[in-house]
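A.B. asks: Pasting in a structure now, in structure tokens, and then I'll have a few things to ask.
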Amino acid sequence: MLIFSKKDALQQHLQQYRPAQNTIGFVPTMGALHSGHLSLMRQSLLQNAVTVVSIFVNPTQFNNPDDLLKYPRTLEADAAKIATLDEGIVVFAPEVDEMYDGNTTSAHYDFDGLEYQMEGAHRPGHFDGVGTIVKKLFDIVQPTNAYFGEKDFQQLQIVKKLVEKNNMPINIIGCPISREPNGLAMSSRNERLKPTEREAAALIYKTLQGAREQFKTGSIAQVKGYVTAALATHPEFTTEYFEIAPEDTLEPATVKENRKYRAFIAVFLGNVRLIDNISLN
Ligand code: AMP
């Protein structure tokens, strides 16, 4: 399997695919790979002549320095997991300087307000960091198709907006959330949960499923009341936000209209921050 750390070498390698109909699939990740990441790669393998996976812990999207410090870096194990899928996958694993040239800062982006909601409100600068790194990676890889998980639904919508606003000829493909057997959305951060916390975290998805049930007949206020009550029975959870929002604007809704809605949640379990979401209709 080919692993590149330099953008020039990667670009040179990808030249062979550019002519004709040779599509390039791209899966950007921060490593510490789990089955959720691998499901994105499988989707890309099915739809493209070649799949590129980037592994890069992007410093500018971390608003919490401790979170950045603790983020797992496991390139060897990640490469082994990718190789079990397909030896033909191309890995791009650059150092910070290769991506930022000694200037590790974000550009500022206008995502038509998507950036101010939920994760944007609670993680200042996060989506500027995401926009900065995704734009840099797209410019290097120039993929035909790029795959993002619905686990980070707000990020998925923001990347679609980035591509639209910059007129980039890239299809952004959203992929379903992979879950552990107890329903917990897979995440690199799950590794930091104690075994008892990991079991207890099943409550997050159970509550979202309950919210979907309540949403069929209840008002938004009723659904919120249900979620608050469900989580209050478990004091080890601290809810940062629970919102119901239309998928296109992500602006928290107070009344139901004829639109496509999702419920979004962020909770702390101990000092580990977990996010999840579910389609409501
Ligand atoms: P990350 O390494 O956390 O930046 O994630 C890289 C990509 O994998 C992003 O598009 C995520 O949305 C996606 N991803 C992470 N966890 C999951 C999951 N449980 N199911 C599906 N996609 C995921």
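A.B. asks: If you take the Cα atoms of region 188-279, find Rg, then find the Kirkwood Rh from the mean of 1/r over all pairs, what is Rg/Rh?
C.D. replies: Details: Rg = 13.5 Å, Rh = 13.7 Å.
Expressed as Rg/Rh, it is 0.99.
A.B. asks: So what is the relative contact order of the chain, in percent, for Cα pairs below 8 Å that sit 6 or more residues apart? Could the numbers behind the result be given before it?
C.D. replies: Values: 466 pairs, mean separation 47.9, N = 281.
Computed value for the chain: 17 percent relative contact order.
A.B. asks: While we're here: If I stretch the segment between residue 105 and residue 5 completely, what's the gain in nm (0.36 nm per residue apart, minus their alpha carbon distance), one decimal?
C.D. replies: Numbers: separation 100, 0.36 × 100 = 36.00 nm, distance 2.03 nm.
Gain on stretching residue 105 to residue 5: 34.0 nm.
A.B. asks: Further, regarding this structure: Measuring from label point to label point, each 7 Å out along Cα→Cβ, what is the residue 279 to residue 251 span in nm?
C.D. replies: For the pair residue 279/residue 251, the computed spacing is 2.4 nm.
A.B. asks: While we're looking at this one, here's another question. With the cut-off at 17 Å, report for region 116-239 the share of all Cα pairs above it, as a whole percent.
C.D. replies: Working: 5185 of 7626 pairs.
The calculated P(r) of region 116-239 puts 68 percent of pairs beyond 17 Å.
A.B. asks: Hey, what did region 147-281 get for relative contact order, percent, Cα under 8 Å, at least 6 apart? List each step's numbers first, then the result.
C.D. replies: Working: 187 pairs, mean separation 29.9, N = 135.
Computed value for region 147-281: 22 percent relative contact order.
A.B. asks: Over the heavy atoms of residue 13, what accessible area does a 1.4 Å probe trace out, to the nearest 10 Å²?
C.D. replies: 40
A.B. asks: A follow-up question, please. Provide the descending list of Cα extents for the chain along its principal axes, expressed in whole angstroms.
C.D. replies: 56, 41, 37
A.B. asks: May I ask you to give the solvent-accessible area per residue for the chain, in square angstrom, as obtained with a 1.4 angstrom probe? Mind showing how you got there, number by number?
C.D. replies: Working: 13150 Å² over 281 residues.
Roughly 47 Å² per residue, with all protein chains present.
A.B. asks: Right, another one. Residues of region 38-74 with amide nitrogen under 17 Å from the 7 Å Cα-to-Cβ point of residue 84?
C.D. replies: Counting backbone N atoms under 17 Å from the label point, the list is 38-43, 74.
A.B. asks: I would also like to ask the following. Could you check which residue among 168, 41, 186 shows the biggest mean-square fluctuation in a GNM of the chain with a 10 Å Cα cutoff?
C.D. replies: Of 168, 41, 186, the Gaussian network model singles out 168 as fluctuating most.
A.B. asks: Let me ask another. Return the distance in nm (one decimal) between the two label points of a simple spin-label model at residue 95 and residue 241, each offset 7 Å from Cα along Cα→Cβ.
C.D. replies: According to this spin-label approximation, the distance is 3.7 nm.
A.B. asks: Right, something else. Mind listing the Cα extents of region 1-84 along all three principal axes, in Å, largest one first?
C.D. replies: Principal extents (Cα only, largest first): 46, 27, 21 Å.
A.B. asks: Remind me, relative contact order of region 8-126 in percent, using alpha carbon pairs under 8 angstrom and six or more residues apart?
C.D. replies: Working: 128 pairs, mean separation 31.2, N = 119.
About 26 percent, as a whole number.
The values are calculated or read from the model by the stated rules, or taken from the named source; none is laboratory data. It should be emphasised that the depicted structure is a prediction, and the values quoted were computed from it without experimental measurement. So basically every Cβ, Gly included, is an ideal-geometry build from the backbone, and we count neighbours across all protein chains shown. Accessible surface areas use protein heavy atoms only, side chains included; no ligands, DNA or RNA. Shrake-Rupley method; radii C 1.70, N 1.55, O 1.52, S 1.80 Å.
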